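What follows is a set of notes on a single structure, which appears directly below.
Just so it is clear, none of the values below were taken in a lab; they were calculated from the coordinates. As the structure is a computational prediction, the values presented were derived from the model and not from experiment. Glycine also receives a Cβ, built like all others from the backbone with ideal geometry; neighbour counts cover every protein chain displayed.
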Amino acid sequence: MTHAHTHTPTHGTEKAPFEATAPASKRAAPAPAPRRARTWRLLTPWLFLLAPLALLITFTYAPIANMVAYSFTDWDGVSPELHYTGAENYTEIFTREDLFQVFWVSGYYLAASVIQIVAALYFATILSFNIRFRNFFKGVLFFPSLVNGVAIGFVFLYFFQDRGTLDTVLGLFGYHTDHAWLGTPTSANVSLAGVSIWRYLGMNFVLFLGAIQSIPGELYEAAELDGAGRWHQFRYIILPGIKPVLTLTVILSVSGSLSAFEIPYIMTGGATGTETFVIQTVKLAFQFNKTGLASAAAVVLLLIILLVTWVQRRLVPDDRVDLV
Amino acid sequence: MTRRAVARTLVYLSLIAATLIVLLPLGVVLLTSLKTENETANGGGALTLPHDPLNFHNYVTAFQDGGMLTAFGNTAFILVVSVGGTVLIGSMTAYAIDRFTFRFRKLVIALFLVAALVPGVTTQVATFQIVHSLGMFDTRWAPIALYMGTDIVSIYIFLQFVRSIPISLDEAARLDGANAFTIYRKIIFPLLKPAIATVVIVKGIAVYNDFYIPFLYMPSQDLGVISTSLFRFKGPYAAHWETISAGAVLVILPTLIVFLALQKYIYNGFMRGATR
């Protein structure tokens, strides 16, 4: 089939580099090539990497470097001069109670993640066995993770509205309430965390389902012959089989809980004690022009997330990240 | 009933309960979107049926006054360019990393690897300054550049696939006189089709649904994408749940259609995307 692609090179020198572009695994020592050919050969991979690397450095590494630098200043994001203030921003974050309390809000989302993972694990397990309307249930559980966040925010604003969906449904069961669901900090945070379970459960569910289905079927058969019930199959076959995905999910949940933004921002704007770390950072930077302080906050968040990732990698060495 | 039958019933009950919890909030919004203003204002509650189930008046209002046409146009433009760019950049990076040995190859790999650990939301404050200084703030190019530049997951997906393409194909083409670019364009790229489908789906849904980046980088009214345009409903339609609901349904509907049409690929895509 490759004959169809035969192409006469326009430059005579282009023929030479091909020895050198042999894959890393079975590369022989390159034959001595003419100088122009060698330059060209050295250049080829960089031509492919030019755009990707430029974007990577501009939009990932340069911001990280700048962010660390800003975090030691009291910059407002506009003025041409930067004043270095040392570690002042960091002390402010850890000592000012109102700045630090956003971390407690993450607690609600962390608790929600636990419920979410357990429920996703339950549904993935039962739907990996023979169940009627399996594909329907799979689709229903997964669909919310594809829905636009703003639309979800509005759907649930109406859900928690006075005389909205939730009140009406509770009314059907004879439970009449005039509770303002988004009215007090605890109730509002619980409601918002509930929305995040509704939204993200399907994603965890599909990951677990995929992992469970990759477990060889003979294992279940052997277990059944040995008289193992469903619980034992779950405990001794499924759980160990999906361990890598489970730990990945735990780490994604921790960083997701720390960086919750969309749902609370859309639904409450951070009012009634629902401000999360990212909402606070966005407000500090773009409403109050405290770029320096916001950067320090972002550095703290980044360090926490990297720490969590590192701990997870230490606890469960991940063999799938084998890029080299 | 035997114990097994009881267990089975409980399993089905839990599935039905989950289905209700997922569908009820969405279903009610669909009902509300078909009601008139009077019905939502003094109707008997969220679960009552609309008088006229074919009342599309709210959809017209949402679509026209909410600027949804511009929003869909902007979203489509950003989606096509950034997903196309992601496919090109991801596949080129994967090809260069897998098929060449060069100086600093390990460093390049490490750069991409470490970047995958940095959540985008944390660096936004500093990224904002860079986008601003490049003159891209409040243009469609800001989200496009950010979507293309920070997608490490697609590079992983492509890398897995490039590795599975036999090197003998490259070598045969090389003997026929093809250069590295021809090999990439005529052999590697066409063989990457399954990976491209995965990346297009995962990336496409992410871009369609993203709120954070367009919200921060394109504040202009006429640059609204569907997320930000829908978000703007909050002010003018604050108490008009029938209009807001219609807007939400308008935004959800394309997702539902794509999901129903491509279910299998979407599951696979997300499994691959999330586990890299």
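Mind checking which of A:121, A:141, A:47 has the largest fluctuation in a GNM of chain A, springs on alpha carbons under 10 Å? Most flexible of the set in this elastic network: A:47. In the elastic network of chain B, a GNM with C-alpha springs shorter than 10 Å, the most mobile of B:40, B:19, B:228 is B:19. Rounded to the nearest 20, the size of the Cβ-charge dipole of segment A:196-324 about its Cα centre is 560 debye, with Lys and Arg at +1 and Asp and Glu at -1. Here the calculated FRET efficiency for residue A:83 and residue A:283, from their Cβ-Cβ distance with R0 = 25 Å, stands at 0.70, rounded to the nearest 0.05. Between residue A:42 and residue B:138, the distance separating the two model label sites (each 7 Å from Cα on the Cα→Cβ line) works out to 4.7 nm. For residue A:73, the residues whose amide H sits under 5 Å from its own are A:85, ignoring neighbours fewer than 5 places away on the same chain, with H placed 1.01 Å from N. With a Förster radius of 22 Å applied to the C-beta separation of residue A:234 and residue B:10, the computed FRET efficiency comes to 0.90. With the charge dipole of segment A:80-214 set up from +1 on Lys and Arg Cβ and -1 on Asp and Glu Cβ about the Cα centre, the Cα lying farthest toward the positive end among the listed residues A:80, A:185, A:210 is that of A:210. Take every pair of alpha-carbon atoms less than 8 Å apart whose residues are at least six positions apart; their mean separation over the length of segment A:155-285 yields a relative contact order of 24 percent.
Here segment B:77-222 is treated with +1 on each Lys and Arg Cβ and -1 on each Asp and Glu Cβ, and its dipole about the Cα centre works out to around 440 debye. Taken about its Cα centre, chain A carries a charge dipole of roughly 1360 debye when the Cβ of each Lys and Arg holds +1 and the Cβ of each Asp and Glu holds -1. Starting from 0.36 nm per residue, how many nanometres of slack lie between residue B:104 and residue B:76 once their C-alpha separation is accounted for? Here the answer is 6.3 nm. For chain A, excluding the exposed loop sites themselves (trypsin sites (Lys or Arg not before Pro), DSSP loop, at most 16 other Cβ atoms within 10 Å), the longest remaining stretch covers A:164-319. Helical content of chain B, expressed as a calculated mean residue ellipticity at 222 nm, amounts to -23000 deg cm²/dmol (DSSP H runs of 4 or more residues, -39,500 (n - 2.57) each, divided by residue number, nearest 500). Here the simple spin-label model places points 7 Å from the Cα toward Cβ, and for residue A:134 and residue A:310 these points are separated by 4.4 nm.
Cα-Cα over 21 Å: which of A:283/B:203; A:138/B:264; B:203/B:234; A:138/B:193? Too far apart for the 21 Å limit: A:283/B:203; B:203/B:234; A:138/B:193.
Panel values: segment B:117-276, Kirkwood radius from alpha carbon pairs, Stokes-Einstein at 25 °C and 0.890 mPa s, translational diffusion coefficient 131 µm²/s. For the protein assembly as shown, the direction-averaged projected area of the alpha-carbon convex hull comes to 33.3 nm².
How fast does segment B:151-218 diffuse by Stokes-Einstein, in µm²/s, taking the Kirkwood radius from C-alpha pairs at 4 °C and 1.567 mPa s?
93 µm²/s
Span-like helix criteria (full DSSP H runs; alpha carbon extent of at least 20 Å along the helix axis; mean Kyte-Doolittle hydropathy of at least -0.5) are satisfied in chain A by A:35-56, A:102-128, A:185-213, A:243-258, A:291-315. Counted as membrane-span-like here are DSSP H helices of chain B whose alpha-carbon atoms extend 30 Å or more along the helix's own axis and whose Kyte-Doolittle mean is -1.0 or above; these are B:3-33, B:68-99, B:241-275.
Maximal additional length on extending the residue B:239-residue B:222 stretch stands at 3.7 nm, based on 0.36 nm per residue less the C-alpha distance. In straight-distance terms, cross-link reach from residue A:290 covers every one of the lysines whose alpha-carbon lies under 19 Å from its own, apart from those fewer than eight places away in the same chain; here that gives an empty set.
Taking chain A as a Gaussian network of alpha-carbon nodes connected by springs under 10 Å, the highest mean-square fluctuation of the residues A:82, A:172, A:42 belongs to A:42.
Regarding segment A:171-324, what is the average projected area of its C-alpha convex hull, in nm²?
Mean projected area of the Cα convex hull: 14.9 nm².
Among A:97, A:262, the order by Cβ neighbours within 10 angstrom, fewest to most, reads A:97, A:262.
Spacing of the modelled spin labels on residue A:187 and residue B:55, each 7 Å from Cα toward Cβ, amounts to 3.0 nm. When the Cα positions of A:44, A:315, A:232 are compared along the charge dipole of chain A, A:44 comes out farthest toward the positive end, with charges on each C-beta of Lys, Arg, Asp and Glu.
Answer rounded, prolate or oblate for chain A, using the Cα gyration tensor with square roots of eigenvalues a ≥ b ≥ c: rounded when a/c is under 1.5, else prolate when a/b is larger than b/c, else oblate. Note, shape of chain A comes out oblate. In the protein assembly as shown, if the dipole is taken from +1 on Lys/Arg beta carbons and -1 on Asp/Glu beta carbons about the Cα centre, which of B:175, B:254, B:189 is farthest to the positive end? Value: B:175. Counting only lysines at least 8 places from residue B:186 when in the same chain, those with an alpha carbon closer than 21 Å to its own are A:15. When a/c reaches 1.5 or more, the comparison of a/b and b/c decides; with that in mind, is segment B:33-151 rounded, prolate or oblate per its Cα gyration tensor? Prolate.
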